[in-house]
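Data block below; observations after.
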Amino acid sequence: MAKSTKSKGRRSAAQPTPNFHGHDILSVDQFNRESLDYIFEVAHEMRVLVERFGSADLLQGKILANLFYEPSTRTSSSFMAAMLRLGGQVIPINNVQYSSVSKGESLPDTIRTLESYSDVIVIRHPEVGSATTAAYYAEKPVINAGDGVGEHPTQALLDMFTIVEELGGVDGLKIAMVGDLKYGRTVHSLTKLLLDYKVEFTFVSPENLRMPNEILDAVKRRDHTYVETEAIQDVIANADVLYVTRVQKERFTDLAEYDRVKDFYVVDEELMQQAKEEMIIMHPLPRVGEISYAIDDDPRAAYFRQMRNGMYIRMALLAAVLGKA
Ligand code: NCD
């Protein structure tokens, strides 16, 4: 049967220090400004730790089960690197086709199995809500590493951490999200996470890849304004953050439709001439043509720094849920 004891959800206002010990990380809805500041502070300390010493023994004796039902390079390996750099160990399951999943084992049984060998479970799965299902069956903390087109909370945390580290804060920024806003889970999570801050949103996408109404409604409910446009030229001169995304080929049922929109936006040197000096280009990666390699050396290209920040954020989260932050 499902557990009943694991504490969940947003922390109570009475607690002086955000306490994630034993909690799942399933959605950005669990975070507020205070808990974000705390996680970012710990992530910053993790950066200093790695730069000075490479590793530590904070999570020595702890085991992470890293369960990926969908392809991943960065999320999967940064969680592994995070655990290893903190002295922990990892059970990596990146090829579910070689696990008992291919024999028809259910998600609950796979989770019950992995939690009997480990202290924390990271899961990426194609179905929306799968991480919540996993957390329902697990006593140990479960971290959502992407549930289909739903959420990708740890990515949103590392995205916001990158904005803070690069631009010094979030309030007052003009943030333009570009590309596949319909299927891109990173932009869903990041938009929701930004609602606690004073930002101006512009959503740039082809008509058929617009931000879902559910997210737009959440933006409106929190008294934020937003602009939707198809034209990246409308936003490039004013954006403080240009958050570019890949068209999510694997979510399309009609590949002809994918072909029509896959090259809709390309951020290149010519476009960047119109951008401000003090701005950043972000991308969760992988990129498949929407950012030209020619701008990789532009100091405004923050996506590789953003990728590295993923490890620091995941070190902070693992330490936090295991009660060692
Ligand atoms: C993203 C994802 O998996 O949602 N990648 C990542 O985690 N860095 C974005 C994408 O695949 O386009």
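The values are calculated or read from the model by the stated rules, or taken from the named source; none is laboratory data. Since we're looking at a predicted model, the values are computed, not measured. Ideal geometry is used to build each Cβ from the backbone, glycine not excepted, and the neighbour counts take in all protein chains shown. Note: accessible area is taken over every heavy atom of the protein model, side chains too, but ligands, DNA and RNA are not part of it. Shrake-Rupley method; radii C 1.70, N 1.55, O 1.52, S 1.80 Å.
Tabulated data
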{"item": "Unique match (being within 19 Å of the chain's Cα centre (by Cα) and aliphatic (A, V, I, L, M)) among Ala301, Ala256, Ala294, Ala237", "result": "Ala301"}
{"item": "Ala81 being surrounded by fewer than 22 Cβ atoms within 10 Å (Cβ to Cβ), aliphatic (A, V, I, L, M) and either within 16 Å of the ligand (Cβ to nearest atom) or assigned by TED's automatic domain parsing to the domain that holds Glu250 (or both)", "result": "yes"}
{"item": "Filtered residue count, the stretch 57-78, keeping only those that are open to solvent by less than 10 Å² (accessible area, probe 1.4 Å) and either part of a loop (DSSP other than H, G, I, E, B) or out of contact with any Ser or Thr (no Cβ under 8 Å at 6 or more places or on another chain) (or both)", "result": "2"}
{"item": "One residue from Glu45, Glu34 being in a helix (DSSP H, G or I), open to solvent by 20 Å² or more (accessible area, probe 1.4 Å) and within 14 Å of Met311 (Cβ to Cβ)", "result": "Glu45"}
{"item": "Top-ranked residue of the stretch 150-188 - restricted to ones that are basic (Lys, Arg) and more than 12 Å from the chain's Cα centre (by Cα), ranked as nearest to Arg260 (Cα to Cα)", "result": "Lys182"}
{"item": "Considering residues of the stretch 84-106 that are surrounded by fewer than 19 Cβ atoms within 10 Å (Cβ to Cβ) and assigned to a helix (DSSP H, G or I) only, the residue modelled with the highest pLDDT", "result": "Leu84"}
{"item": "Ala134 being open to solvent by less than 20 Å² (accessible area, probe 1.4 Å) and more than 16 Å from the ligand (Cβ to nearest atom)", "result": "yes"}
{"item": "Test: Glu214 is within 29 Å of Leu317 (Cα to Cα), at pLDDT 95 or above and surrounded by fewer than 16 Cβ atoms within 10 Å (Cβ to Cβ)", "result": "yes"}
{"item": "Per-region count, the stretch 6-32, residues at pLDDT 95 or above and over 23 Å from Ala81 (Cα atoms)", "result": "4"}
{"item": "First in the stretch 146-157 and among the charged types (D, E, K, R), second anywhere and more than 10 Å from the ligand (Cβ to nearest atom) and part of a helix (DSSP H, G or I), Cβ under 7 Å, 6 or more apart", "result": "Asp147/Ser130; Asp147/Ala131; Glu151/Val28"}
